[in-house]
Each structure stands twice: as C-alpha cells, then as structure tokens.
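First up is the structure itself, then whatever we jot down about it.
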Amino acid sequence: MGLITGLCTFVYHLPQIYKWLLKPYYISSVFMTVAFLLVRKAPGLCEYLATQREDGNSCDFDWRELEILMFLGAIVMMKNRRAITMEQHIGNLFLFSKVTNVILFFRLDIRLGILYLALCVAFVMTCKPPLYMGPEYIKYFSDKTIDEELQRDSRVTWIVEFYANWSSDCQSFAPVFADLSLKYNCAGLRFGKVDIGRYGEVSESYRVSTSPLAKQLPSLVLFQEGRELMRRPMVDSKARAVSWTFSEENIIREFNLNELFQKSKKLNKIRGLKEEEEEKSGVQPEEVSDELHPESNNLEPPTESKKDQ
C-alpha cells in the first residue's frame, strides 16, 4: 500500500519535478548525488578501483559501501518525516547524498575524495537554490515601510513572515506561505514578508535572530492593531526556537485563519450593503468603524516588487 501511495505521489508531482530538473541547480545536484554510482559502474574506470569484495569485482559495491548507502537511506527517511514540501524532500536527499559521496570517495581513493569535496565547495559557492517565483498575494516590506504599514490601519490584521534568502528552511516554506496568501488574503487579513537577512535593524526591532543556531527562521508573527499577538515558532529563555512544524494545517489552526477570514468577509459584505443603501439615498458613504477595516472588495495587486532583494 505504501509503495502504491508513493508511486501515485511521484506521478502526481511529475510535471513539477520535470520543471525543477531543467534548472541548473537541480541538474548539478542530480549529477553530484549519483557521482559515486557513476564512477563505480563506469566501464574502463571501475576496473582500476579498489574493492573489498571477495570475488574481486571492482565494478560492484562491496559490503561496506552497501552499509553506508543503507545508512544514508535511513537518515533521509528520518529527516523527510518532518518535511512538508517536495522541495524539502529533494533537498534532504541532495544534502545527505553529497555527504555520503564524500565519505565513499575518501574511502575509495583520497585523491577522488579531495576532488569531489572541492566540487562540492564550488557548487555551494556558485549554485544557489532557485527562489520561489509562483503566484502569491504578499506585500514585501523594507526596513522603512514595515512599521508604517503595520500601524497604518489598526483594524487590518497582518501575518508577517521574517525570512532570509540564504536559509533553506525559508526557501522551502515560501510555496506554503504563498498558497496561504492566495487562499486567505482579503481586505482585513493581509500577508507580508520582510528579508531580515538584508535588513538587520528589522531583526533587532522585532526580536528575530538570524543566527543558524537560534533556528528562528522562518518566523511568522500575527499583528493586530499594530501590536504583536503571537508568533511561531516560540522562543525559549535561551533565545532558541521551540521546535514547530511549518505545515499549512498547523498555521491555519494556530493562527485561526478560517475564523479571521470569515470575519473579514462578513465585514466586507456589511460594508458593501451599507454603501449600496447610501448610494440609493444619495448620501455620501461614511467611513465604517469595524474591528477589521476592509479597504475594498476587489483588491489591487501590491505596488512593491515581488522579490525585494
């Protein structure tokens, strides 16, 4: 049953996987992942490699290499239990496969190990994971606009993601946050992002550490009336983030998105009916003082650039 489910999942995501593989980062990662397999099986080369097999066949894996590969599979399965997107699953596979290849190459030949390690360093320095560029309804803040926007209208609820482009966790979470913005964004419930890797002052002002040891990236913060009400992940007394899974279900539940969205839709409907009555009576529409202030029923796209980098 598990095999059938996995196969169906692979077929469902096949168009997306095909699109990923066309990008230089993923093409290079695939070759780096299978590098040891290609070397060990390459005709004309594998005959000269060392082996611990009893039959002396140097073109096949020996028992120690099989143990290392099995251990790799176990580690990837354990890490992927907490992965929530396809990018995270593939990212874990690429990362631990490269580490395993380093061990295997150094065990096979120190010269091959040094060469592969140098390729890994060059890959990390020159090839970055592609940023999410899909559809979203998110406003990107800078250090000069975030305070002003959050305090512009106290009746608008904001969910703001504090992220950094160098963080792999933030890159994996980007499609999830974008999907939530498409489902729940409305006049009284808005979604925003700010790159604290670029704007250090924002990091200090909102107490979100960019240190990899703190594990606070990404951080989601709920603002109402310009004040912070809650954030995930929470931070303990040692300024370290409490473990929390950034899945769509967890965010909807923790931040009460369904309730906030329905409340905002109800206010939009009340405001629309009131404006219609005032137009019929010839009275100039007045400002509605509701708990959430809908700006308009048909929102215009944000004026900021989609990727403020």
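The values are calculated or read from the model by the stated rules, or taken from the named source; none is laboratory data. Quantities reported herein were computed from a predicted structural model and do not represent experimental measurements. Glycine also receives a Cβ, built like all others from the backbone with ideal geometry; neighbour counts cover every protein chain displayed. Each accessible area value is taken on the protein alone, full model and side chains, heavy atoms only, with ligands, DNA and RNA left out. Shrake-Rupley method; radii C 1.70, N 1.55, O 1.52, S 1.80 Å.
Laid out as a table, the results:
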quantity: Under 27 Å, Cα to Cα: Lys pairs in the range 73-165, sequence gap 8 or more or different chains; calculated: 4
quantity: Per residue solvent-accessible surface (Å²) - the range 34-139, probe of 1.4 Å; calculated: 62
quantity: Rough spin-label spacing in nm, given labels placed 7 Å along Cα→Cβ, for Ser168 and Phe106; calculated: 1.8
quantity: Gained length - Ala74 relative to Asn256, 0.36 nm times residue gap less alpha-carbon distance; calculated: 61.9 nm
quantity: Rg over Rh, two decimals, the range 170-236 (C-alpha only, Kirkwood Rh); calculated: 0.96
quantity: The range 150-239: trypsin sites (Lys or Arg not before Pro) in DSSP loop, at most 10 other beta carbons within 10 Å; calculated: Lys238
quantity: FRET efficiency for Tyr48 and Val99, using Cβ-Cβ distance with R0 set to 25 Å, rounded to 0.05; calculated: 0.50
quantity: Solution diffusion estimate, µm²/s, Stokes-Einstein, the range 90-140, Kirkwood Rh from C-alpha pairs, 25 °C, viscosity 0.890 mPa s; calculated: 188
quantity: Antiparallel content of DSSP bridges confined to the range 66-211, in %, to 5; calculated: 10
quantity: q = 0.13, 0.20 Å⁻¹: log10 I(q)/I(0) that the Debye formula gives for the range 92-187, counting C-alpha atoms only; calculated: -0.65, -1.04
quantity: Ranked by how many other beta carbons lie within 10 Å on average, peptides 100-107, 240-247 from highest; calculated: 100-107, 240-247
